[in-house]
1. Return the FRET efficiency for the residue pair A:Q99, A:E189: r is the Cβ-Cβ distance, R0 is 30 Å, and the value is rounded to the nearest 0.05.
2. Give, rounded to the nearest 20 debye, the magnitude of the charge dipole that the range A:118-248 has about its Cα centre when Lys and Arg contribute +1 at Cβ and Asp and Glu contribute -1 at Cβ.
3. Roughly speaking, what is the stretch gain from A:N129 to A:F299, that is 0.36 nm per residue apart minus the C-alpha to C-alpha distance, in nm to one decimal?
4. With a sphere of radius 14 Å drawn around the Cβ of B:L183, what net charge do the other residues whose Cβ falls strictly inside it have (Lys, Arg +1; Asp, Glu -1)?
5. List the residues of the range A:320-351 that lose 40 Å² or more of accessible area once all protein chains are present, compared with their chain alone (1.4 Å probe, heavy atoms only, no ligands or nucleic acids).
6. Based on the Cβ-Cβ distance from A:L292 to B:K75, what FRET efficiency comes out when R0 is 56 Å, to the nearest 0.05?
7. Which of B:V152, B:L183, B:L131 sits farthest toward the positive end of the charge dipole of chain B, with +1 on the Cβ of Lys and Arg and -1 on the Cβ of Asp and Glu?
8. Projecting each Cα onto the charge dipole of the range A:327-371 (Lys/Arg +1, Asp/Glu -1 at the beta carbon, about the Cα centre), which of A:L345, A:I364, A:G333 comes out farthest on the positive side?
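The values are calculated or read from the model by the stated rules, or taken from the named source; none is laboratory data. All values reported here derive from a predicted model rather than from experimental measurement. Neighbour counts run over all protein chains shown; Cβ positions are idealised from the backbone, glycine included. These area figures cover heavy atoms from the full protein model, side chains too; ligands, DNA and RNA do not enter into them. Shrake-Rupley method; radii C 1.70, N 1.55, O 1.52, S 1.80 Å.
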Amino acid sequence: MKIRDIAIRAGRSLRQAKARTLLTSLAIGVGAFTIVLSLAVGAGGRTYVSNIISSNTNIHEIIVQPKQDKINGAAKPQKYTDDAVIDYGAGYTMKLLKQSDLDKISKISGVKSITPDYIVTAKYITGINNEKYRVGVTTILEGLKLEFEAGSKDGVENGGIIISDRYVSVLGYKNATDMIGKNIQIAVEKGSDSPLNPETKLFEFKVVGVTKKSAMAIMPSNGVQLAPSEMEKLFNYNQGGTSLANSYPDVVVITDDNVNSKDIKNIINDMGYDAQTAEDLMSFIFQFINVLQGILIGFGALAVLTSVFGIINTQYISVLERTQQIGLMKALGMRRRDIGRLFKLEAAWIGLLGGSIGAGLAVIGGMIANPHISKWLGIGNISLIIFEPLSVTIVIIGLVIVSVTSGILPARKAAKLDPIEALRTE
Amino acid sequence: MIEVKHITKTYGKKDSVFVALSDISFVIPDGASVAILGKSGSGKSTLMHTMSGLDHPETGEVIIDGQNILALSQKEIDKFRSHKMSFIFQSFFVQAKETCYDNVSLPLEIAGVAPSRRRSKIEAALTAVELIDKKKSKARTLSGGQKQRLAVARAIVNSPQILFADEPTGNLDSVTGAVVEDLLFNYNKQNKITLIVVTHDPDLANRCDIQIHIKDGKIESIEGLK
Ligand SMILES: Nc1ncnc2c1ncn2[C@@H]1O[C@H](COP(=O)(O)OP(=O)(O)O)[C@@H](O)[C@H]1O
Ligand SMILES: [Mg+2]
């Protein structure tokens, strides 16, 4: 008997028991729905995160921190070393990097530049209307991709400043474009002065760019950003003469384009520092997504496992109900192998039906929900649910295989049936 | 020519052995109509199953066209049955949920006949049993007599060489039974195929060329052989 004829007969006998076929395949459908949706959410999540990572980081960027003492907050008093430290009391200290550490790191071949993370506490920012506002001042990072409302990064090295669009109206400007080229001042206190009445100096900068909140930004810059050289000036005024002068909690190392930043990272680690590439810092998000996806797929797999018993049960009952039909087919010379195939193909149809229904509903549901989810999370028109045709196809094929496997035992029972017994009526 | 040689078939184990067929031998010439007669439980169906290779006796041979079919492999005997034999049963065994067309199509599909060559054969068989107008009807809508005529169509569609009929009229009234009998004997005469009818109805048996009487698994007498 030809496979095509067997497949047609298999499909026909399923149509003759519509309700049973549908209910059996629905169990598989639940599994298909869950698995397809979790794969889509995982794919969407990973794409979203890798977009964030590539927008926020530079593959040539390494963040270096001093290796902190393992035993922190020890009951025993600690021996003095000439390390730069911040002492929080109670034995808790945080080590800082010193200029000598920076010199050592910059000597490593493959290191292009090294930018300390200058900590500057600004007093306020003020502009055309002389209103004073608090503001966070950070160093502009080479790898960070910014989205501009107006202007650009150009000219930031020569006394320029990049400012968040949140400050446009409060500082008295009509709009972002209006602010470009205008001078604003940042007030910084002299750290070495008496904290009771410190000297305050106004640093003036020219606005070169106004940033807007980006869907891809992991830490939206809502303050101002300066070039490292400008930051250094502010830092020296702010921290010069204090115990924190020339010491930094971390530095950003940029490697040459032709080297693998992971190799440099290992070298720096071997020197006794704590170095991480930007990717390392982001990878926990991937792990989180993978675990979440794994749990969802687990639920799907559980549904599939349940449906396996459903298929076995349905097909066993079908064999019992159709003993005379099987007996007749055998009497007419149908081979055991073909009888087995008939029942396995019925199981395959059930799997295909259930898999397609479940996957179809998942795709339709996902496409309807996607814009709402993106809107709700405020990430613009970025998709968090991405259906990959290949993985949907693989899920359906996989479920067909699972169904056929479940159908093996009942099919074997049918193939082994004794036609004489099956056709006995008296 | 069908030669049955020393067939013995037993059921049960050692202490409770039941001999269903005991040293059965006879010869049937090609194109003959044969009645296997006997009371219920005498072993008629068992003999028919053995002659068609469905059942396997302990000893003996069934030689058809010079070949002992009991010595064939399962695959070969299946192929032999699908091409050369067909069956009609007392309880019809038509598939109630399938159309008449699909019921008749089954033996052709099993024998691997190409789809393009099936239609004309199926329609010819349905025409022969006067069910062509029921082609698309589900078999469950048919009366008992029509169901058995459908079974006849299914039995003749692949032009068998031997047609086995086990109590073909047992579930029918005399009028509808006579129609089915006529169909079988006409087909036997026109196509010169061997017709083997298992029955306990003497009138049906008398229409056959040969009558083999069975009693308690043994041949009591054979009539009609020249
Ligand atoms: N599987 C079996 N196990 C035991 N006895 C059987 C089996 N099949 C048939 N028989 C016995 O063999 C005898 C012949 O059966 P059968 O050929 O069906 O008789 P008939 O068709 O003449 O009515 C009966 O007595 C029946 O009880
Ligand atoms: Mg019988």
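1. Working: r = 23 Å, r/R0 = 0.77.
So the FRET efficiency works out to roughly 0.85.
2. Details: 14 positive and 14 negative charges, 58 e Å.
Result for the range A:118-248 is approximately 280 debye, rounded to the nearest 20.
3. Values: separation 170, 0.36 × 170 = 61.20 nm, distance 5.96 nm.
Separation in residues times 0.36 nm, less the Cα-Cα distance, equals 55.2 nm.
4. Details: positive: B:K147, B:R149, B:R154, B:K189, B:R207; negative: B:E130, B:E181, B:D182.
Around B:L183, the surrounding residues sum to +2.
5. Buried by the other chains: A:Q325, A:L328, A:A331, A:L332, A:G333, A:R335.
6. Values: r = 53 Å, r/R0 = 0.95.
E between A:L292 and B:K75, to the nearest 0.05, is 0.55.
7. Towards the positive end, the residue furthest out is B:L131.
8. It is A:G333.
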